[in-house]
1. For the chain, what is the largest minus smallest coordinate of the Cα atoms on each principal axis, given in angstrom and ordered from greatest to least?
2. Give a quick list of trypsin sites (Lys or Arg not before Pro) in the range 368-415 that DSSP marks as loop, anything other than H, G, I, E or B, with at most 13 other Cβ atoms within 10 Å.
3. Over the chain, what is the relative contact order in percent, taking alpha-carbon pairs closer than 8 angstrom and at least six residues apart?
4. What 222 nm value per residue comes from the helices of the chain, counting each DSSP H run with n ≥ 4 as -39,500 (n - 2.57) and dividing by all residues, nearest 500 deg cm²/dmol?
5. Roughly how many Å is it from the Cα centre of the range 463-508 to that of the range 531-551, as a whole number?
6. Loop only per DSSP, at most 10 neighbouring Cβ atoms within 10 Å: give me the trypsin sites (Lys or Arg not before Pro) in the range 417-487, ordered by residue number.
7. Can you flag which of K292/K320; K320/K457; K255/K462; K186/K255; K121/K551; K180/K222 are past 30 Å Cα-Cα?
8. Please report, as a whole percent, how much of the solvent-accessible surface of the range 432-522 comes from carbon and sulfur atoms (probe radius 1.4 Å).
Amino acid sequence: MHALVLVVIAACVFVLAYRFYGAFIAAKVLSLNPARPTPANTLNDGRDYVPTNRWLVFGHHFAAIAGAGPLIGPVLAAQFGYLPGFLWILIGGVLAGAVHDMVVLFASVRHNGKSLAEIAKAQIGPVSYWLVLVATLFLLIIVLAGASIAVVNALFNSPWGTFTVGLTIPIALFIGAYLKWLRPGKIVEASIIGVLLIILAVVIGPVIKSSPLASIFTLNKKELSVLIPLYGFFAAVLPVWLLLVPRDYLSSYMKFGTMFLLAIGVILVNPILQMPATTQFISGGGPVIPGKVWPFMFITIACGAISGFHSLVSSGTTPKMVANERDIRPIGYGAMLTESFVALMALIAATVLPTADYFAINSPPALFQKLGMQVQDLPYLSALVGEELAGRPGGAVSLAVGMADIFSRIGGLRHLMGYWYHFAIMFEALFILTLIDAGTRVGRYLMQEIGGVVYPKLRDYKWWPGIVITSGIFTFCWGYLLYTGTISTIWPLFGVNNQLLGGMALAIATTFLLRMGKAKYIWVTAIPMTFLLITTIVAGYQNIVNNYLPKNNYLLATISAIMIIMVVLIVADSIRVWANILRGKTPIITETESKTKLNEIPTKYLSE
């Protein structure tokens with residue numbers, strides 16, 4: 001099978017889905033009203049609520065949702081073959097992920113840019129509000145640990161890679177200072193400098209590798225597992241303009257640019273997928289991810305098809321910038337389809353590798369030996385990139401090798417594969433480190449919100465002791481999971497919790513549709529919610545019984561069980577409200593009444 005066939009099929013499906021299904025949801029299910037003022041206009045404060053051009057918001061939204069998931073998940077799921085992952089990316093992205101993101105974004109816009117927890121409080125009740133808060137905190141801890149493991153496995157004993165990725169931190173700090181003090185407002189100028197410096201970091205990597213400085217940047221897994229959370233702590237504490245904003249801004253260029261180049265590379269090279277359509281591991285026993293293709297493939301791909309993490313973005317900064325309700329479709333539905341396309345590119349990059357080479361990279365050496373496979377091109381590829389590639393599980397390395405292989409086939413650039421590989425590693429790390437700094441900051445906010453119940457001063461987001469204490473506690477939580485976990489334990493845990501949050505968000509969205517009087521359209525959210533929750537709860541139960549408890553991993557078993565219980569309670573609370581609405585015991589709340597309840601919009605904006 002040629003990779004270009006999958007690209008063409010996916011492009012056609014996504015374009016048609018956006019044109020027809022996305023338009024149906026916008027017109028019939030949500031009844032988007034371009035004449036209705038959005039909170040970005042009615043609450044414009046020049047800081048958080050700011051009406052912004054739809055394409056700028058699209059770029060911000062995509063950069064925020066496209067973390068490690070669409071890169072790592074499809075690569076790990078490739079152990080089942082290319083076909084199961086390809087089908088779920090297409091079907092899940094169109095019918096579940098894009099619907100989830102679009103409806104949650106719409107709900108937040110109609111609730112004045114409020115968070116998912118606040119929407120749950122307004123539509124369901126205070127119990128669901130607190131359950132959503134705690135569930136979100138759990139998810140963030142696991143997301144950050146799971147994403148960081150991929151970086152650790154890619155960078156250990158790799159001075160070139162560690163130097164390149166490490167240098168992006170002072171580059172981001174320099175660009176932040178440049179825009180703040182040296183050349184305020186010169187965004188294009190700063191962007192050019194930042195991108196050139198990042199590329200330079202890749203280019204001079206071999207010099208560092210061959211110099212006495214190599215020992216400084218040759219770190220083992222445990223050392224990296226301490227340094228990465230330490231970075232997250234400082235990213236959560238430092239002002240956003242100094243590190244988080246310039247890193248996000250620079251990484252957005254790398255995200256769009258690199259995936260565009262990869263798509264062009266696939267078109268020009270049109271590589272053959274060497275992984276079979278399905279492997280023997282669809283029935284279980286795989287060395288990368290335990291369990292059968294159902295339910296484990298669905299929790300492994302995660303963000304490439306649907307992600308509960310996206311609900312935090314769709315009810316976070318994005319709804320506060322939407323200038324017109326008609327922009328909800330390209331931002332909510334369109335950005336998710338774009339991420340699904342990124343996931344497809346990652347799947348292709350992994351499956352163009354020889355099957356045995358893929359498993360040699362993504363399996364511990366002892367486990368790979370039991371498979372009875374013989375590596376094909378791996379020694380040659382290791383020599384080309386200047387790294388030992390075998391035994392680096394986590395998806396990041398096999399993805400980087402696949403990307404480098406495609407890039408290096410263009411125009412006789414094979415001799416530059418080492419640079420392509422380390423560029424790809426840096427590209428992936430930018431994705432993940434962006435998630436770490438933003439996620440740690442959001443986690444700190446949540447800890448301050450929850451801790452404020454006991455000590456109200458913690459809810460003062462300018463109080464430095466509270467900032468440092470909550471950042472430290474939150475960072476320690478996910479850092480501990482990173483330090484003690486492996487990709488085979490943490491990634492399934494991340495997948496389960498991420499998909500549970502997605503199902504929970506769809507339950508809240510279904511409640512909102514019912515209270516809008518849209519009962520005949522609730523199948524749009526109820527069907528993906530039902531499939532997602534059944535699949536994920538089964539996966540979570542199997543994880544606990546077959547993986548965690550037999551290995552005495554009681555911490556991960558407890559986290560999984562608590563998350564499942566919380567989501568079941570939220571869904572049960574939602575069903576209680578649904579039943580009352582359908583029986584007429586709970587009246588349908590019109591848009592005006594809902595806005596009045598929130599009590600935050602001037603009277604002149606309360607009518608259509």
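1. Sorted from largest, the Cα extents of the chain read 68, 58, 48 Å.
2. Values: sites: K370, R409, R414; in loops: R409.
Taking the range 368-415 and a limit of 13 other Cβ atoms within 10 Å, no loop trypsin sites (Lys or Arg not before Pro) are found.
3. On the way: 977 pairs, mean separation 167.6, N = 608.
This gives 28 percent for the chain.
4. Values: 27 runs with 399 residues, N = 608.
Taking each H run of at least 4 residues, the total per residue is -21500 deg cm²/dmol.
5. Answer, in whole Å: 18.
6. Values: sites: R441, R444, K457, R459, K462; in loops: K462.
Those satisfying the criteria are K462.
7. Violating the 30 Å limit, Cα to Cα: K292/K320; K255/K462; K121/K551; K180/K222.
8. 70 percent
The values are calculated or read from the model by the stated rules, or taken from the named source; none is laboratory data. Note that the structure is a prediction, hence the values are computed from the model and not measured. As a convention, Cβ positions derive from the backbone with ideal geometry for all residues, glycine included, and neighbour counts pool all protein chains shown. In case anyone asks, the SASA skips ligands and DNA or RNA and just uses the protein heavy atoms, side chains included. Shrake-Rupley method; radii C 1.70, N 1.55, O 1.52, S 1.80 Å.
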